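Shown next, in structure tokens, is the structure this report addresses.
The values are calculated or read from the model by the stated rules, or taken from the named source; none is laboratory data. Since this is a predicted model, take the numbers as computed values, not measurements. Here Cβ is always computed from backbone atoms with ideal geometry, including for glycine, and neighbour counts include all displayed protein chains. Please note that ligands, DNA and RNA were not included when accessible areas were found on the heavy atoms of the full protein model with its side chains. Shrake-Rupley method; radii C 1.70, N 1.55, O 1.52, S 1.80 Å.
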Amino acid sequence: MGIRFTRVLTASVLGMTALFVTGCRQDMHDQPKFIPLRMSDFYADKRSARPIVEGTVARGQLKDDTYFYTGKIGNQEGEAMPFPVTADVLARGQQRYNIYCTPCHSELGDGHGMIVQRGYRPPPSYHTDRLRKAPIGHFFDVITNGFGAMPDYATQIPVADRWAISAYIRALQLSQNAQQSDLPAGTQVVDRVESLIPATGTPGSGATLPPTPTQGGETK
Ligand code: HEC
């Protein structure tokens with residue numbers, strides 16, 4: 001009796017084990033597939049990675065709105081924003097401008113940014129007739145492709161942000177050149193220099209730049 005019982009037990013344990021082992025087949029693991037860059041004998045060029053069908057466009061990369069991406073119509077810099085300028089767009093433009101452009105152009109856009117005060121080539125002020133009349137596409141193009149000594153910011157600044165910055169520069173230009181007729185009744189154009197003087201400061205001190213530190217004169 002005892003021996004028979006042991007045999008039955010052994011048989012069922014073996015049976016279960018066999019079921020268990022065969023149940024664990026690794027079909028998913030062993031399926032036929034190409035591991036990246038592996039050679040293939042199937043294709044004539046021996047490459048398992050197939051070339052992309054001609055004309056394929058990656059998701060989000062269809063740059064069909066040429067004006068949005070270049071700021072140009074043909075070869076001409078455009079006068080229009082490619083999307084409506086809302087308060088949010090201007091606020092975004094101001095924030096991005098303050099991050100990326102003020103080191104050279106300053107918050108006012110007069111070209112006296114901090115690194116210019118430390119010897120970098122001074123950019124022109126935005127508040128000249130030439131740049132006031134420049135089409136908005138010019139600002140977009142300068143950010144996208146650089147201009148003379150200025151590097152481009154295409155990698156750092158996404159396309160929509162470049163437009164937001166361009167719109168903000170327009171606002172900046174207006175802010176420094178407002179005419180009384182631009183303002184609502186009851187408001188006054190304040191002289192730019194006067195407006196920079198801190199309440200407690202000596203008149204005129206707000207407009208003068210701090211002297212450029214001489215080389216080696218820096219303290220830690
Ligand atoms: C590292 C300093 C630096 C930074 C940062 C910088 N610029 Fe400039 N920018 C210059 C210099 C220098 C020039 C003049 C280039 C020249 O004439 O060779 C210039 C010129 C310009 C001009 C005038 C182009 C013309 O028609 O004369 C515009 C517009 C301009 N920058 C916009 C921007 C904007 C917008 C940003 C921020 C996204 C920016 N710049 C960031 C240095 C800088």
- Note on the structure: When (1) surrounded by 13 or more Cβ atoms within 10 Å (Cβ to Cβ); (2) assigned to a helix (DSSP H, G or I); (3) over 22 Å from the mean Cα position of the chain (by Cα) are applied to residue 125, the one that fails is (2)
- Message: If I ask for residues that are hydrophobic (A, V, I, L, M, F, W, C) and not in a helix (DSSP H, G or I), which ones from segment 85-103 would you list?
- Response: 85, 101
- Note on the structure: Within segment 96-121, residues over 13 Å from residue 171 (Cβ atoms) and open to solvent by 60 Å² or more (accessible area, probe 1.4 Å) come out as 99, 100, 112, 114, 115, 118, 119, 120, 121
- Query: For segment 121-142, which residues satisfy the criterion of being touching a strand residue (DSSP E or B) at 6+ places or on another chain (Cβ under 9 Å) and either free of Cβ contacts under 8 Å to residues at least 12 places away in the same chain or of a type in the set (Val, Ile, Thr) (or both)?
  - Reply: 136, 142
- Message: Need pairs with beta-carbon distance below 6 Å; first residue more than 9 Å from the ligand (Cβ to nearest atom) and within segment 93-120, second open to solvent by 30 Å² or more (accessible area, probe 1.4 Å) and among the β-branched types (Val, Ile, Thr); sequence gap 6+ or separate chains.
- Response: 117/212
- Does residue 64 count as acidic (Asp, Glu), away from the ligand (no atom under 16 Å from the Cβ), open to solvent by 100 Å² or more (accessible area, probe 1.4 Å) and part of a helix (DSSP H, G or I)? no
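Sort through 59, 7, 25 and tell me the only one that's open to solvent by 80 Å² or more (accessible area, probe 1.4 Å), over 23 Å from the mean Cα position of the chain (by Cα) and either among the acidic types (Asp, Glu) or modelled with pLDDT of 80 or more (or both).
Details: 59 fails: over 23 Å from the mean Cα position of the chain (by Cα); 25 fails: either among the acidic types (Asp, Glu) or modelled with pLDDT of 80 or more (or both).
Selected residue: 7, the only one of 59, 7, 25 that is open to solvent by 80 Å² or more (accessible area, probe 1.4 Å), over 23 Å from the mean Cα position of the chain (by Cα) and either among the acidic types (Asp, Glu) or modelled with pLDDT of 80 or more (or both).
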- Message: I need a count of the residues in segment 168-183 that are hydrophobic (A, V, I, L, M, F, W, C), closer than 22 Å to residue 112 by Cα and more than 11 Å from the ligand (Cβ to nearest atom).
- Response: 3
- Message: If I go through segment 67-94 residue by residue, how many of them are over 18 Å from the mean Cα position of the chain (by Cα), surrounded by 13 or more Cβ atoms within 10 Å (Cβ to Cβ) and more than 27 Å from residue 106 (Cβ to Cβ)?
- Response: 2
- Task: Name, by its number, the condition in (1) over 19 Å from residue 80 (Cα atoms); (2) at pLDDT 95 or above that does not hold for residue 177.
- Result: (2)
- Message: Being exposed (fewer than 11 other Cβ atoms within 10 Å of the Cβ) and under 30 Å from residue 174 (Cα atoms): is that true of residue 51 here?
- Response: no
- Message: If the requirement is being touching an Asp or Glu at 6+ places or on another chain (Cβ under 8 Å), among the acidic types (Asp, Glu) and more than 7 Å from the ligand (Cβ to nearest atom), which of these qualifies: 129, 141, 152?
- Response: 141
